[in-house]
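Visitor: I'd like to ask you about the structure that follows.
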Ligand code: KG4
Ligand code: ZN
């Protein structure tokens, strides 16, 4: 049988990425051009700059991806592109490139939900993983606890009512002067801090709820920092980082494991940028081992934004008969 090639295109935030996926799970190329060095001067992503940088990067990345995969436009079978959620101008660059390519080559086009992409990154790193399983998706803009029923159906059981997990990492990092993006910096600094030094709140919401809320924790950390300042006391940054991180992890782990107990599934996977967090992974690995649950996570590069996960999700949806036409729009607030 002829090989099937999917090109993935991702431009929803501050990473321009193009990938080539061969058949179901073989990533031939996953090029990522990060804008972090530009945005970090501003303490966060500047949407207008992001769009401009995607525009400069996207066409050269498409050419390079085909060259590195040693295939031509003719060999492509499908073009999968992130349609949302994300920054509207940034998404538009990827969608326009994908539409242009589809029109010029006659190849099929499919718009992909970025959050489904994050979940599908797990298939690329874990060849044996198959639905059904439970997944915790923790990115910069979203937090979901959901059951993956099959390759294209997801049942969201819980989500954040305010800040996303990654967002809280970024905000706290900024407040203690670590810069952007905060997650990896808090992860690193926490290793030399005491997670029990400060008792920050673990917001569990109603007894049976699988929803999350991280804005109260953020306020508690900011109050702690301000109170220390007023008293002219120097904060111990590593202890603040470690205690904050532990509070987030305790909530994520507790709710995830409760859902595993309640549903009885034997496979659990995490995804999204925060899934790269080393302490979160260690804790979940240990808890899952105790319960006899298989624990999965994507490699670090597949946790944060990349086009391979978009190609993977696009391929799975296309296989089920879905495709987009040239009227494909962007959906900045798309939910899972
Ligand atoms: O999934 P992602 O790359 O982009 C979105 O779709 O939002 O996630 C980015 C988020 C940022 O908030 C970043 O601080 C966080 O993931 N992150 C981490 C780590 N690496 C990235 N958070 C905690 N620990 C990490 N090691
Ligand atoms: Zn993402």
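Visitor: Please work out if residue 141 is touching a residue at least 12 places away in the same chain (Cβ under 8 Å) and assigned to a strand (DSSP E or B).
Guide: Criteria not met by residue 141.
Visitor: When you check residue 170 against the structure, is it within 16 Å of ligand 2 (Cβ to nearest atom), surrounded by 18 or more Cβ atoms within 10 Å (Cβ to Cβ) and either at pLDDT below 95 or not in a loop (DSSP other than H, G, I, E, B) (or both), yes or no? Quick ask: steps written out before the conclusion?
Guide: Working: within 16 Å of ligand 2 (Cβ to nearest atom): yes; surrounded by 18 or more Cβ atoms within 10 Å (Cβ to Cβ): yes; either at pLDDT below 95 or not in a loop (DSSP other than H, G, I, E, B) (or both): yes.
For residue 170, the condition - within 16 Å of ligand 2 (Cβ to nearest atom), surrounded by 18 or more Cβ atoms within 10 Å (Cβ to Cβ) and either at pLDDT below 95 or not in a loop (DSSP other than H, G, I, E, B) (or both) - is met.
Visitor: Quick one: count up the residues across segment 12-43 that are assigned to a strand (DSSP E or B), modelled with pLDDT under 95 and more than 16 Å from the chain's Cα centre (by Cα).
Guide: The total comes to 0.
Visitor: Test residue 6 against the stated conditions and say whether it is over 30 Å from residue 174 (Cα atoms), buried (at least 20 other Cβ atoms within 10 Å of the Cβ) and in contact (Cβ under 8 Å) with a residue 40 or more places away in the chain. Lay out the reasoning, then the answer.
Guide: Values: over 30 Å from residue 174 (Cα atoms): yes; buried (at least 20 other Cβ atoms within 10 Å of the Cβ): yes; in contact (Cβ under 8 Å) with a residue 40 or more places away in the chain: yes.
Judged against the criteria, residue 6 is a match.
Visitor: For segment 282-290, does any single residue satisfy the condition of being within 30 Å of residue 88 (Cβ to Cβ), in contact with a strand residue (DSSP E or B) (Cβ under 9 Å, 6 or more places away or on another chain) and surrounded by 13 or more Cβ atoms within 10 Å (Cβ to Cβ)?
Guide: Applying the first criterion (within 30 Å of residue 88 (Cβ to Cβ)) to segment 282-290 yields none.
Checked against the condition, which is being within 30 Å of residue 88 (Cβ to Cβ), in contact with a strand residue (DSSP E or B) (Cβ under 9 Å, 6 or more places away or on another chain) and surrounded by 13 or more Cβ atoms within 10 Å (Cβ to Cβ), segment 282-290 yields no hits at all.
Visitor: Is there a residue in segment 178-200 that is over 17 Å from the mean Cα position of the chain (by Cα), closer than 23 Å to residue 243 by Cα, without any contact (Cβ under 8 Å) to a residue 12 or more places away in the chain and within 10 Å of ligand 1 (Cβ to nearest atom)?
Guide: Looking for residues that are over 17 Å from the mean Cα position of the chain (by Cα), closer than 23 Å to residue 243 by Cα, without any contact (Cβ under 8 Å) to a residue 12 or more places away in the chain and within 10 Å of ligand 1 (Cβ to nearest atom), one finds at least one in segment 178-200, hence yes.
Visitor: Which one is surrounded by the most Cβ atoms within 10 Å (Cβ to Cβ), of the residues in segment 128-153 that are more than 11 Å from the chain's Cα centre (by Cα) and within 16 Å of ligand 2 (Cβ to nearest atom)? Let's see the steps before the verdict.
Guide: Here is the first cut: in segment 128-153, the ones more than 11 Å from the chain's Cα centre (by Cα) are 128-135, 145-153.
Within this subset, residues satisfying the condition of being within 16 Å of ligand 2 (Cβ to nearest atom) are 135, 146.
Numbers: 135: 26, 146: 21.
By that ranking, first place goes to 135.
The values are calculated or read from the model by the stated rules, or taken from the named source; none is laboratory data. What you see is a predicted model; the values in this text were computed from it and never measured. Every residue, glycine among them, receives a Cβ derived from its backbone with ideal geometry; neighbour counts consider all protein chains shown.
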